[in-house]
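The block underneath contains the structure these notes are about, expressed in C-alpha cells.
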Amino acid sequence: MDKLGINVGNLLVQIFNFLIVLVVLRAWVYKPLLGMLEKRQKTVEKGLDDARVAAEARANAEKDAAEIMSEAQAKVAQTIREATEKAEAVTRELRATADAELSKEREAAMAEIEMERERTLAELRGQVAALSIAAAQRLIGENLDEKRQHALLDEFFSGVKDGKIVVLEGSAVNGDKAEVTSALPLTQDEQATVRNQLLSSLEENAEVVFKVNPSILGGLVVRVGDQIVDGSVAGQLQNLRQSLR
Amino acid sequence: MEKSRKWRWGVNRWWVLAFIILTVIATNRFAPVQQVIAVAPENLTKSPIITLPLVGGLYLTNTEVAMILMDLIILVIALVVKSRVKEYTLIAKGFTGALEMLIEVLYNLAQSTAGKWAKKIFPLFATILIVVLFANLLKLIPGFESIGFVEEVEHAGYTAVSLGGNWFNVTTPEVAEGGAVVVPFLRGLSTDLNFTLALALISVIMTQVIGVQAQGFGYFSKFFNVRTLFSRPIFGVMDLFTSLLEAISEFAKIISFTFRLFGNMFAGMVLMAIISVMVPVFAPSAIMLFELFIGLIQAFVFGMLTLVFMAMATQGHAEA
Amino acid sequence: MTGDIVQAAKFIGAGLAMIGAMGGGIGVGMSVQGAMEGMARNPDTYGNLLTNMILGIAFSEAIAIYCLVVSFLLLLVV
C-alpha cells in the first residue's frame, strides 16, 4: 500500500476535497443552472404554445379571408352575368321590335306601292282603251258601238269573254294552285269570273293567284302546276311569227 | 470537391515547422532525461504538515498541489456562473452558455437513464464527471511532471547543471550513483491512486445510499438473499450464493473504478515520459492529443458508470 | 545473484501480464466491427452508435489497462 502511494491521510484529503467541490458545484452551479434551464424550457414551451395558437389563428383568418374572397368573386361573377343577360335581352327585344316595325313599315310601303301601281295601271287601262278606240276609229273610219268596243278591249286585256276564260276553252287543267298573269290588273268582276272558272275545273279549295305582267301585252297566261296555258297576245304573236316563217 | 484538392499554403504549417525546428534545437541544447516513474506521488515536504492521531503523518504530495489548482479553477468557474446566472437570458451565450449546455446535456442523460431519481443522482454524477474531466485535462498543461525540486539520490540519476541562482537543469550525462532527479511540483491528479480510490469509494458508497433511499433496507437483501432459502432449499442456496457474488462485485467495482482511471492516466504519463525521451520531436504532440481524447473518454466513462450503477440501485433487484 | 533472478522474474512477469492485453484488443476490435456494421446498415444511427462504441471500447480497453497496471506494479512497485 505504501508503495502504491495509498495512505489513509491522502485518501481522506481527496474525499473531503471531492465533497467540498460537490457542495460548491451543487450550490453555485447546478441549482441556479437547472432552475434557469427549467425556466427557459417553460418559456420556450410557452413561446411554442403561443406560436401554435397564433399559427392556428392565422390559418383560420386565412381560411375566412379565402372564403370571403371566393364568395365575393362568385357574387361579382353572378352580377356581371345577370347584367350581361339583361343587357342582351334588352338588346334582343329592341332589335326584335325594331325589326318588326321595320318589316311592318316595309310591308305597308310595299303594299302601298303595289296598290299605287295597280291603280296607275288600272287608270292606264282606261286611257289605253280610250286611245285604242280612238285610234281604231280613225283607222277603221267607222264608229263602233262604244260598248262593243269596250267589251272587245276588255276581252283583249283580260282574256275573259262572256264570263269565260278564253284561253281555257278546249284545254283541261288539273292542280291545286293556279297562277293567272294578265297584262293589266283585272277588275274585281273579272277576277271573280276567272276564279270561278278555274275553281270549277280545278280541285276544291284550290288557290288562285293573280299577277300583273305588262310584257305579255294582253290576254291571260294561266299556270297550273307544271302546265302553262298561254293565251296571251305576246304568245299568240310568237305563234304567228312561227307559222309565218 | 475541386476546391479541397487545391494546395493552399496556410500559415499554420509554418508555425508547426518552426516549433519542430525549435524542438530540435532545444533538445540538442538541453537533452531530455527520463523522469522518475513512480506509482506513488512524491512528497514535497520533508516532514509531515500535521500528524493526525490515527492516520499518522500527512505529507503534502505533488498531486495534492494539482488538486488545489483544480479546486481553484472549479471555484472560479462556479463563481462566474453564480454571478452570471442572476441575469436571466433566454439565449445562452458566452462561457456560461457553454457550461449551461454541458449541464443540460448531462442532465438529459441522467434523466433518460435514471428517470425520476435523476434529481437526486445528478449532482453526484455531474460532479464526478467534472472533477475527473478537470483532473485529466489539467495533466496536459506544460510544466506538469517536469518542474520541481532537484533531489540528490543515492542510486542512479542525472547531473544537475546550474542555470544561475537556485535554478538547475537536470540533464545528461547519467551518473550511476549520487545523481540528481526532479521531484515535480505538479503531477496529474488522476495518476494518484488516492484520488481514484476516493472517487471510486464515493461512487460505490453513494450507490448504496441511493439504493437504500429508493428501496429502504430491503436493498441489502440484494447482497444477502435469504428470502428463498427455506421455501425452495436448492434454489435458495443458489440465490444466496449469487447474492454473495453481488456483494463481492461491489468491492470489485471499487477496484475496477480505481484502476481503470488510474491505469489509463498512469499509462499516459509513462508513455509521455518515455516518448519524450526517445522521440522528443513532434511525437509527444500526437501523444498529447491522444491523451486529451483518453482524458475525455475516461471522465465520461467514470461518470456514466456511476450514473448507471446508481440507476440500477434505484430500480431494485429483478424478482424471479 | 538472487536479486538478479528476482529482477528477471519481474520483467518476465510484467511481459506475461501484458498477454492479457490481447483480450482487450480483441474486444475493441469486435465492438468496432459491430458498430461499423451497424453504421453501414443504418447510417442514421451514426451518432448514437459512435457514443456507445466509444463507451464499449473504453470498457474493453480497461481490461487491457488492468494488465498494464499489473505490469507496471511488477516493474515499479514490487
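Could you give the longest part of chain B that holds none of the trypsin sites (Lys or Arg not before Pro) found in DSSP loops with at most 11 neighbouring Cβ atoms within 10 Å?
On the way: sites that count: B:K6, B:R8, B:K46, B:K86, B:K93.
The answer is B:94-320.
Helix B:62-84 versus the longest principal axis of chain B: what angle, 0 to 90°, nearest 10, using Cα atoms? Its long axis makes an angle of about 70 degrees. Nearest 10 degrees is fine. How inclined is helix B:233-278 to the longest principal axis of chain B, computing both from alpha carbons? Tilt of helix B:233-278: around 10 degrees. Taking amide H as placed 1.01 Å from N in the peptide plane, B:T61 has its amide H under 5 Å from the amide H of B:L44, each at least 5 places away in sequence or on another chain. Helix B:118-138 and the longest principal axis of the C-alpha atoms of chain B enclose an angle of approximately 20°.
Note on A:K177: lysines with a C-alpha under 25 Å away, same-chain residues under 8 apart excluded, are A:K161, A:K164, A:K211. Based on the Cβ-Cβ distance from B:I255 to B:V105, what FRET efficiency comes out when R0 is 41 Å, to the nearest 0.05? Plugging the Cβ-Cβ distance into 1/(1 + (r/R0)^6) gives 0.85. When the listed pairs A:K42/B:K222; B:K222/C:K10; B:K139/B:K253 are checked against a 29 Å cut-off, the alpha-carbon distance exceeds it for A:K42/B:K222; B:K222/C:K10.
Peptide A:29-42: average number of partner chain Cβ atoms within 10 Å per residue?
Values: counts 16, 10, 3, 7, 11, 8, 2, 11, 7, 1, 2, 7, 1, 0.
Whole-number average of other-chain Cβ neighbours for A:29-42 is 6.
Other protein chain C-beta atoms within 10 Å of residue C-beta, averaged over B:194-200: 6.
For chymotrypsin sites (Phe, Trp or Tyr not before Pro), the sites in region B:170-226 that DSSP calls loop and that have at most 15 other Cβ atoms within 10 Å are B:F224.
Mean sequence separation of contacting Cα pairs (under 8 Å, at least six apart), scaled by the length of chain B, corresponds to a relative contact order of 22 percent.
Considering the convex hull of the alpha carbon atoms of the protein assembly as shown, report its projected area averaged over all viewing directions, in nm², one decimal. Intermediate values should be presented prior to the final figure.
Working: hull surface 312.9 nm².
The number I arrive at for the protein assembly as shown is 78.2 nm².
Once Rg and the Kirkwood radius are both taken over the C-alpha atoms of region A:25-118, their ratio Rg/Rh works out to 1.86. For region B:39-135, GluC sites (Glu not before Pro) are listed when DSSP marks them as loop and at most 16 other Cβ atoms sit within 10 Å of their Cβ; the list is B:E87. Counted over region B:137-196 with a bin width of 5 Å, the fraction of Cα pairs per bin, in whole percents, is 4, 19, 21, 20, 16, 13, 7, 1.
Counting only the Cα atoms, chain B fills a convex hull of 262 Å³ per residue. In terms of overall dimensions, region B:93-214 has a Cα radius of gyration and Dmax of 22.2, 64 angstrom.
Throughout, read-outs are computed from the coordinates displayed, never taken from laboratory work. From a predicted model like this one, the values you see are computed outputs, not experimental measurements. In this analysis, Cβ positions are derived from the backbone assuming ideal geometry, glycine residues included, and neighbour counts consider all displayed protein chains.
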